[in-house]
Amino acid sequence: GLPRQAGAQSSAFPTRPITMVIPFAAGGPTDVVGRLLAEAMSRDLGQPVVVENTTGAGGTLGAQRVATARPDGYTILLHHIGMGVIPTMYRRLAYDPVNGFEPLGLVTEVPMTVVTRKDIPANNLTELLSYMKSQGDRFNLADAGIGSSSALCGALLSNAIGVKPTVIPFRGTGPAMQEILGGRVDLLCDQTTQTTEHIRSGAVKVFATPSRTRIGTLPEIPTTAEAGLPGFEVTVWHGLYAPKGTPAPICARLTQSLQAALREPRVIERFSAIGTTPVSQDDATAEAHRRFWTADIAKWKPVIEATGSYAD
Ligand code: MLT
């Protein structure tokens, strides 16, 4: 055939399926957001966006998989607030947790909730905290490993009241939630993307949201500050990434597709049912994402140093 013009390749992108790596277990909060996004992006890109759950080590294995992938736009990462805490929490990694990526845009913000097995002997946050204190390390807390939002929230909560519960790590809060539902683990800090249905059905007990304001879709839940534990806030954000060195026109095409996905009424509707609103079109850009991400790393650094939540 004829020789290809420079640029023809990127304007044709994508010509085959794209892999979207999700660093936590299938069925959990990141997976729910990722799959909705992948479906919508496939519609815009005209190629399947195939989700791959590369789990383990608090979300760092999935991130590593993308940081070390070929930078051609065919392997992308849907990650979250972990991208803001991992650079401080992990002192040894097989990839560069900041410079290994091209941020493509923010996706959405998700509130967290503090939930327990439904038969816990406590009916408000104050009672829960005294129960935790009385139980010491007999109290079990599930999380998705250091680097996850559940682990960050669990560490901040334990630290705020000076307790050291037994921490049981899972490959995501999907499997962790099964233990809460089965009554085998006491507490999980988790996102409304997963907890909403279990809170509504009464399968778990909910005590507070570690957000600045109450959650629009679950207005009966007090904030941690209202429930007696001020100065403690964690809200999950999601971002989309390509490996460092992915050509700018390809990154721009992926950002465009992210923006198209976030404008789709059915995506907005599905997000809203699980307590989250897609970010504005201005925030679904590489520049806004980079600014936000840099500020988030700086914000968490002293908090992590104060709690000593390190991976090694
Ligand atoms: C998950 O998808 O399993 C969660 O987002 C992990 C977490 O951050 O707790």
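Bear in mind these aren't lab numbers, they're just calculated from the coordinates by the rules spelled out. The shown structure was predicted, so the numbers you read here are calculated from the model rather than taken from an experiment. When we count neighbours, we look across all protein chains shown, and the Cβ atoms used for this are built from the backbone with ideal geometry, even at glycine.
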| request: May I have the convex hull volume per residue, in Å³, for the Cα set of the chain? | output: 119
| message | Give me a comma-separated list of calculated 3J(HN,Hα) values for the stretch 125-134, in order, Karplus coefficients 6.51, -1.76, 1.60 applied at θ = phi - 60°, integers in Hz, x for any Gly or Pro. | response | 4, 4, 5, 5, 5, 5, 5, 4, 4, 5
| remark: Log10 I(q)/I(0) at q = 0.10, 0.22 Å⁻¹ for the stretch 127-272, from Debye over equal alpha-carbon scatterers, is -0.44, -1.47
| What is the spin-label model distance, in nm, from ASN123 to SER272 if the labels are put 7 Å beyond Cα along the C-beta direction? | 3.5
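Looking at the chain, what % of its DSSP beta bridges pair antiparallel, to the nearest 5?
60
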| task | Measure off 7 Å from each Cα along the Cα-to-Cβ vector at ARG291 and THR15, then give the distance between these two points in nanometres to one decimal. | result | 3.7
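In a shell of Cβ-Cβ distance under 13 Å around ASP312, excluding ASP312 itself, what net charge do Lys and Arg (+1) and Asp and Glu (-1) give?
Working: positive: ARG91, ARG92; negative: none.
Net charge around ASP312: +2.
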| If one takes the longest principal axis of the Cα atoms in the chain, at what angle in degrees, from 0 to 90 and to the nearest 10, does the Cα axis of helix 286-307 lie? | 30
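Output the peptides 73-80, 178-185 sorted from most to least packed, where packing is the average of other Cβ atoms within 10 Å over each peptide's residues. Intermediate values should be presented prior to the final figure.
Working: 73-80: 24.8, 178-185: 16.1.
In descending order of packing, they fall as 73-80, 178-185.
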| remark: Counting sequence-distant residues (5 or more places) and residues on other chains, those with an amide H built under 5 Å from that of HIS80 are GLY239
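With each run of n ≥ 4 DSSP H residues scored as -39500 (n - 2.57), what mean residue ellipticity at 222 nm is computed for the chain after dividing by its residue count and rounding to the nearest 500 deg cm²/dmol? Mind dumping the intermediate values first?
Working: 11 runs with 128 residues, N = 312.
Rounded to the nearest 500, it is -12500 deg cm²/dmol.
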